[in-house]
Amino acid sequence: MFTVASPEQMNETFVRAFNTRDIANLLALYEDDAILCVDGTRSLKGKADIAAALGEFLQMPGTLTGGNNFCLRHDDVALLRADWTLIGPDGATTLAGSSAEIVRRQADGTWLYIVDHAVGASLERVG
């Protein structure tokens, strides 16, 4: 399993966990009642629903790349933005986006997602 010692490591760790293609490695990065939004409209709460969505993502062939754009930390929470790209087996970009995330320090000192909006920083401005 992967653990995150500082919020600045969260997205690098997510990329490594994804590329193992093991759903357990990804789920280990989320609190039990975390929220995941994958498409900009639908929010999923809890590890069972998150597992289903991430399982679909894992079915897409390719290698994930990316990392933090910024990390804004306040005590036991941090706001992150990550830029990510899924590179297909042919070397072409399959998917790309910028996420908006909130992570929280746990009692053991590790950090987990409480909110993960996979395309939150990619959405067009409204209004």
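Numerical summary
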{"quantity": "Strands (runs of 3 or more DSSP E) enclosed by the range 39-116 - at least 3 residues per element that are touching a strand residue (DSSP E or B) at 6+ places or on another chain (Cβ under 8 Å) and over 21 Å from Leu27 (Cβ atoms)", "calculated": "63-74, 77-87, 93-105"}
{"quantity": "Filter result (surrounded by 12 or more Cβ atoms within 10 Å (Cβ to Cβ), free of Cβ contacts under 8 Å to residues at least 60 places away in the same chain and of a type outside the set (Gly, Ala, Ser)) within the range 77-90", "calculated": "Val77, Leu79, Arg81, Asp83, Thr85, Leu86, Ile87"}
{"quantity": "Hey, Arg21 of a type outside the set (S, T, N, Q), exposed (fewer than 15 other Cβ atoms within 10 Å of the Cβ), within 13 Å of the chain's Cα centre (by Cα) and farther than 14 Å from Ala118 by Cα or not", "calculated": "no"}
{"quantity": "Ala34 vs. criteria among the hydrophobic types (A, V, I, L, M, F, W, C), at pLDDT 95 or above and either out of contact with any strand residue (DSSP E or B) (no Cβ under 7 Å at 6 or more places or on another chain) or over 13 Å from Tyr113 (Cα atoms) (or both)", "calculated": "no"}
{"quantity": "Criterion: hydroxyl-bearing (Ser, Thr, Tyr) and touching a Cys at 6+ places or on another chain (Cβ under 8 Å) - qualifying residue of Ser43, Ser122, Ser98", "calculated": "Ser43"}
{"quantity": "Residues of the range 95-110 classified as surrounded by fewer than 19 Cβ atoms within 10 Å (Cβ to Cβ) and of a type in the set (Ser, Thr, Tyr), total", "calculated": "2"}
{"quantity": "Extreme residue, nearest to Pro89 (Cα to Cα), among residues of the range 34-74 that are touching a residue at least 24 places away in the same chain (Cβ under 8 Å) and surrounded by fewer than 13 Cβ atoms within 10 Å (Cβ to Cβ)", "calculated": "Pro61"}
{"quantity": "Unique residue being in contact with a Pro (Cβ under 7 Å, 6 or more places away or on another chain) and among the basic types (Lys, Arg) when the list is Arg42, Arg104, Arg73, Arg81", "calculated": "Arg73"}
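The values are calculated or read from the model by the stated rules, or taken from the named source; none is laboratory data. Please read all numbers here as calculations on a predicted model, not as lab measurements. In this analysis, Cβ positions are derived from the backbone assuming ideal geometry, glycine residues included, and neighbour counts consider all displayed protein chains.
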